[in-house]
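Engineer: The structure is given below, and queries will be raised subsequently.
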Amino acid sequence: QVQLVESGGGLVQPGGSLRLSCVTSGVIFRTYLMGWYRQAPGKQRELVARISSSSVTIYADSVKGRFTISRDNAKNTVYLQMNSLKPEDTAVYYCNAFKVTGVITRDDYWGQGTQVTVSS
């Protein structure tokens, strides 16, 4: 029973900060690529940030320098620290766990999402 549970979303003013958390269960956490995605109204889901098992990270250009992804393998948790938030960051943020498991097979799990609203 794989579960990814996000928390930390909410309402924040422009320029403010939030930290999202994603706690996983039912997976060998250290073996998975972990990512944060977001989906705003009327737009497709997009990758925000991703972190590998060895903590190599990538970021969308729109958040580079403002957001930081990290993971704590001992706690089976991935985080997204969001600073200098802008109204265009408003979206539902989703946690993702990904792993290639065979020649053509893979695991791909998603959390339920947490709402982030940036507004004055």
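Engineer: Mean-square fluctuation check for the chain, GNM, Cα pairs under 10 Å: which of 56, 103, 23 is largest?
Structural biologist: 103
Engineer: Rounded to the nearest 20 debye, what is the charge dipole size of the chain about its Cα centre when +1 sits on each Lys and Arg Cβ and -1 on each Asp and Glu Cβ?
Structural biologist: Working: 13 positive and 8 negative charges, 33 e Å.
My answer is approximately 160 debye.
Engineer: Can I ask one more? Let me have the relative contact order for the chain, percent, based on Cα pairs under 8 Å that are six or more residues apart.
Structural biologist: Numbers: 287 pairs, mean separation 42.4, N = 120.
Computed over the chain, the figure is 35 percent.
Engineer: With a 1.4 Å probe and all protein chains left in place, how much of the accessible area of segment 1-101 comes from carbon and sulfur atoms, in whole percent? Walk me through the numbers on the way to the answer.
Structural biologist: On the way: 2560 of 5290 Å².
That share works out to 48 percent.
Engineer: Under a 1.4 Å probe, what is the accessible area of segment 1-113 per residue, stated in Å²? Provide the component values of the computation, followed by the final result.
Structural biologist: Numbers: 6250 Å² over 113 residues.
Per-residue value: 55 Å².
Engineer: Given all pairs of different Cα atoms, what value in angstroms does the Kirkwood hydrodynamic radius of the chain take? Numbers along the way, then the final one.
Structural biologist: On the way: mean 1/r = 0.0691 Å⁻¹.
Roughly 14.5 Å, rounded to one decimal.
Engineer: If each residue of separation counts as 0.36 nm, what is the full-extension length gain between residue 17 and residue 105 once their alpha-carbon separation is subtracted? Write out the running numbers ahead of the final one.
Structural biologist: Values: separation 88, 0.36 × 88 = 31.68 nm, distance 3.77 nm.
Residue separation times 0.36 nm, minus the Cα-Cα distance, leaves 27.9 nm.
The values are calculated or read from the model by the stated rules, or taken from the named source; none is laboratory data. Everything numeric here is computed off the predicted structure, so don't read it as measured data. Cβ: placed from backbone, ideal geometry, glycine included. Neighbour counts: every protein chain shown. These accessible areas exclude ligands, DNA and RNA; they are computed on the full protein's heavy atoms, side chains included. Shrake-Rupley method; radii C 1.70, N 1.55, O 1.52, S 1.80 Å.
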